[in-house]
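Enquirer: Mind looking over this structure? Questions follow.
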């Protein structure tokens, strides 16, 4: 089966990338790469991982939470995770960090939404790799499956190196290249390349 149609053993796409097709009608998702943290019969949830926010910096968030920012925090980009609950923070991170409240996406990647992980990142006790996002991308029952059928998204196996890559402006093309697809050759019509 083609990578864009492959699903996990449970029939869902947890732990995979979604790459927006060039014909994406919703401009909020144009040329986005989403890492899917949850996908079930009830719906799906993921974080955009290639759209850093220019006007929000991690040290500002830490200060608002009463956490003393350290110099390494200046280098961590805050991403626009999606249009849902945009004031809520999420940290997608390597599985070497596992605390109460951490959701294990798979054996390599976890998701945390606590201030504890931010404190640990600020003190150097956090995960070896992380990505912070405000907001998330969510779909109701069957909505993501329908959007994939309508050729809005390609699902592509994720890898940790690409997920945490800081080459944000190239991530969409690099994710598509994982399955040998050039963005210039993609068609907006379902069933045609």
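Enquirer: Subtracting the Cα-Cα distance from 0.36 nm times the residue separation, let me have the gained length for residue 146 to residue 96 in nm, one decimal.
Expert: Extending this stretch completely gives an extra 14.5 nm.
Enquirer: Then there's this: How long are the semi-axes of the equivalent ellipsoid of region 47-146, defined as square roots of 5 times the Cα gyration tensor eigenvalues? Whole Å, largest first.
Expert: Equivalent ellipsoid of region 47-146: 23, 17, 11 Å, largest first.
Enquirer: Between residue 113 and residue 25, what FRET efficiency follows from the Cβ-Cβ distance if R0 is 30 Å, with the result rounded to 0.05?
Expert: E between residue 113 and residue 25, to the nearest 0.05, is 0.55.
Enquirer: Kirkwood Rh, Cα Rg: Rg to Rh for region 3-185?
Expert: Ratio value, two decimals: 0.96.
Enquirer: Taking Rh as the Kirkwood radius computed over C-alpha pairs, what is the Stokes-Einstein D of region 71-130 at 10 °C in a medium of viscosity 1.306 mPa s, expressed in µm² per second?
Expert: Once the numbers are plugged in, D ends up at 132 µm²/s.
Enquirer: Top mean-square fluctuation among 101, 138, 180, Gaussian network model of the chain, C-alpha springs under 10 Å?
Expert: Maximum fluctuation in the GNM of the chain, among the listed residues, is at 180.
Enquirer: Which distance in nm do the two modelled labels at residue 85 and residue 125 give, with both placed 7 Å along the Cα-to-Cβ direction?
Expert: Output for this residue pair reads 2.5 nm.
Enquirer: Where does each of 12-19, 81-88 land if you order them by average Cβ count within 10 Å, highest first?
Expert: Order by mean packing, descending: 12-19, 81-88.
Since every read-out is calculated from the coordinates, none of them should be taken as a lab result. These figures come from a predicted structure and were not determined experimentally. Positions of Cβ are generated from backbone atoms using ideal geometry, with glycine treated the same way; all protein chains shown enter the neighbour counts.
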